[in-house]
1. What is the total of Lys pairs in segment 3-188 with C-alpha atoms under 15 Å apart, excluding same-chain pairs fewer than 8 positions apart?
2. Using amide H atoms built 1.01 Å from N in the peptide plane, name the residues 5+ places from LEU163, or on other chains, whose amide H lies under 5 Å from its own.
3. Residue farthest toward the positive end of the dipole of segment 167-284, with Cβ of Lys/Arg at +1 and Asp/Glu at -1: which of ASN239, ILE261, ALA217?
4. Give me, ordered by chain and number, the residues 5 or more places off PHE52 or on other chains with an amide H under 5 Å from its own placed amide H.
5. Take each complete run of DSSP H in the chain, measure how far its Cα atoms stretch along the helix's own axis, and keep only those covering 18 Å or more with mean Kyte-Doolittle hydropathy at least 0.5; list them.
6. If the chain between ARG241 and GLN64 were fully stretched, how many nm would it gain, using 0.36 nm times the residue separation less the Cα-Cα distance?
7. Can you work out the accessible area per residue across the chain, with the rest of the protein chains kept in place, probe 1.4 Å, in square angstrom?
8. For GLU186 and GLU9, compute 0.36 nm times the residue count separating them, minus their Cα-Cα distance, and round to one decimal in nm.
Amino acid sequence: MDYQKFIAEQVENLKNTVGDAIAINALSGGVDSSVVTVLGHRALGDQLKTIFVDNALMRQGEPQRVVEIFKGMGIGVELLDAREEFLAALAGETDPEKKRQVITDTFYAKVFGREVKDRGAKFLLHGTILTDIEETVAGIKRQHNILAQIGISPEETYGYSVLEPLKTLRKDGVREVAKLLDLPDELSRRIPFPGPALAARIVGEVTPERLETVREATTIVEEELADSGAFQYMAVLLNDRATGIRDNKRQFGQIIVLRCIESVDARTATATQLPWEKLNRICERIVQIKDVNRCLYDLTPKPPAAVEYV
Ligand code: XMP
């Protein structure tokens, strides 16, 4: 595929479709939404408003860091604090599909819907890619981001049109486009991170305390595996407890799963053969997190497992 041509075509399409209207997009800092942000600003300049929604589910320092990186590229991104709203909506919810649904609804119908209305935006740019569409259509999972393909009209439901300039690409294609758009390595080489963010890595209820546990574990895993060359790596908090011994007392502690995979496009994956020393080191660090006394390494390929746990 000629990716230069792809970029030129998408810029042209966006210009023609949006005309003089206001467009809006949400940036998560993942490679998909980052590429859409740069493409969108190339096509629309200040007519595109880019917002980073802090949904309380992001990694350590992530919202501030992403805003800073884009500032460095001359693209202004507004940071919107919606942490309370997301946490309130997720409280008490344990069903995986419902958790995803709550996040989608809170995002589109509430937080983002309000922004779109307040700013009079007619278009929403979204970083949906081909894999998202295929897996949702196949019924494997409700992806966070493809309302139109599952028969929900965003115009009728939410009052705006969704534009998805990357919907013919897979992850490897998006990375090629990212390179051509001169995205800094910190963004273009970023490992994939799901729309529902850390909520995809908490089995059971999402609470501020449980988020803190998985966030700390995520920081450790990302530090330790940054040089691994793996496609994706993560920490997951299970909804169960295991017996342990702490300060000579029996403790029912939390269980963290380490997942690290090899993949080309996330459609299939196998567990990375990490060196034993590395696994041990990660385990040692993970069980220093408050209340965590087990760390497991997930060997399951996709399929039958998915990459994420929720
Ligand atoms: P699964 O868990 O479906 O993940 O095997 C495949 C790839 O997609 C990412 N993923 C998501 N990305 N929104 C996204 O933008 C989502 O809702 C979502 N769920 C999973 C996952 O991290 C993996 O790379």
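The values are calculated or read from the model by the stated rules, or taken from the named source; none is laboratory data. These figures come from a predicted structure and were not determined experimentally. Counting neighbours? That spans all protein chains shown, and the Cβs are built from the backbone with ideal geometry, glycine included. Surface accessibility is based on the protein's heavy atoms, side chains included, excluding ligands, DNA and RNA. Shrake-Rupley method; radii C 1.70, N 1.55, O 1.52, S 1.80 Å.
1. Close lysine pairs found across segment 3-188: 9.
2. LEU124, LEU125, HIS126
3. ASN239
4. LEU27, GLU78, LEU79, LEU80
5. Working: long enough: 3-18 (22 Å, -0.59); 31-44 (19 Å, 0.88); 208-225 (25 Å, -0.63).
Helices passing the filter in the chain: 31-44.
6. On the way: separation 177, 0.36 × 177 = 63.72 nm, distance 3.34 nm.
Gain on extension, ARG241 to GLN64, equals 60.4 nm.
7. Details: 14500 Å² over 310 residues.
Per residue, the chain has an accessible area of 47 Å².
8. Details: separation 177, 0.36 × 177 = 63.72 nm, distance 2.60 nm.
Once the chain is fully extended between GLU186 and GLU9, it gains 61.1 nm.
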